[in-house]
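The values are calculated or read from the model by the stated rules, or taken from the named source; none is laboratory data. Note that this is a predicted model, so its numbers are computed, not measured. Cβ: placed from backbone, ideal geometry, glycine included. Neighbour counts: every protein chain shown. Just so you know, the surface numbers come from the protein's heavy atoms only, side chains and all, with ligands and any DNA or RNA stripped out. Shrake-Rupley method; radii C 1.70, N 1.55, O 1.52, S 1.80 Å.
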Amino acid sequence: MADIDLNGKIREFLDSALKKFIVRDYNEAIRDLKAAEVLDRYNPEILYNLAVNYARMGLHKTAGEYFERIINLPATFVDILDVKKLYAYAQIKLKNYERAQQVLDDVIQVSPGDTAAHNMKGFCLEKEGRYDEAVLAYRAIIEIDKKNSNAYNSLACILAEKGGDLGEALSFARLAYEADRNSAAYNDTLGFVLMKRGEKSRAEKFILKALQIQPWSEEIKEHLKTLRGNRE
């Protein structure tokens, strides 16, 4: 009877926290979940929900600690690969790129077709300045998903920025752009690649469109400034 009462109380806290999470009242959701944690500190559902709420608040260090607690449990009904990706994301937000990559490698070893894991790994490698390896990570995504526009866009950026094959970069940039012509990122990348190829008039058209979509982007503004500076 005591176990039934305890489980019922935990479920009440979890249900209450979910309602508050839905309306983005993360502080109150955490209050309920912390109360549930007192009753069962090894419950993966409680730990998972705490981690997600902390992540939504931008408290990635605390979120990562909770995700790590789930990873270290001897057994859990929570999808451990999903938890590891969320943990890696928290580490990326904290700029712990090497640690994130280690966890993502674990995910990829078990699930080699996981494009989200490959994409995050590519991002980590970029941030570490390991561009050749980042290119391999993004190419791996394309092998799995021929329509992955984010991978094409990332490849185009790296190849154009780091002295790669500009013809290939242009092909990749066009594939991303054709997937979503209203994407600021894809317009900017296509313009950037064209600029690198010396096609300045065509480049300006796409960079200006990107800036129209995202007028606050410092990166796009910098590309336009570089383009017009080079023209002068």
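Descriptive notes on the structure:
- With each label modelled as a point 7 angstrom along the Cα→C-beta vector, the LYS34-LEU6 pair spans 2.2 nm.
- Label-point separation in nm, GLN214 to ASP25, each point 7 Å along Cα→Cβ: 3.5 nm
- Trypsin sites (Lys or Arg not before Pro) lying in DSSP loop within the range 35-101, provided at most 14 other Cβ fall within 10 Å: ARG41, LYS95
- For the range 115-192, the gyration tensor built on C-alpha atoms gives an oblate shape. Its axis ratio a/c (a ≥ b ≥ c) is at least 1.5, and a/b is not larger than b/c.
- Carbon + sulfur, % of accessible area of the chain - ligands and nucleic acids excluded, 1.4 Å: 49 percent
- For the chain, the solvent-accessible area with a 1.4 angstrom probe is 55 square angstrom per residue.
- Additional length obtainable on full extension of the chain from ASP165 to VAL78, 0.36 nm per residue less Cα span: 27.0 nm
- For the residue pairs LYS20/LYS85; LYS121/LYS162; LYS95/LYS162; LYS19/LYS85; LYS84/LYS225, the alpha carbons lie more than 29 Å apart in LYS84/LYS225.
- Which of ILE30, PHE192, ILE70, positive extreme of dipole for the chain (C-beta unit charges): PHE192
- Residue-level accessible surface for SER149, protein heavy atoms, 1.4 Å, Å²: 30 Å²
- Applying the Karplus relation 6.51 cos²θ - 1.76 cosθ + 1.60 with θ = phi - 60° to the range 200-207 yields 3J(HN,Hα) values of 6, 5, 5, 4, 4, 4, 6, 5 Hz, where x marks Gly and Pro.
- Counting only residues at least eight positions apart within a chain, or on another chain, the aspartates and glutamates with an alpha carbon under 18 Å from that of LYS209 are GLU178, ASP180, ASP188, GLU199, GLU218, GLU219, GLU222.
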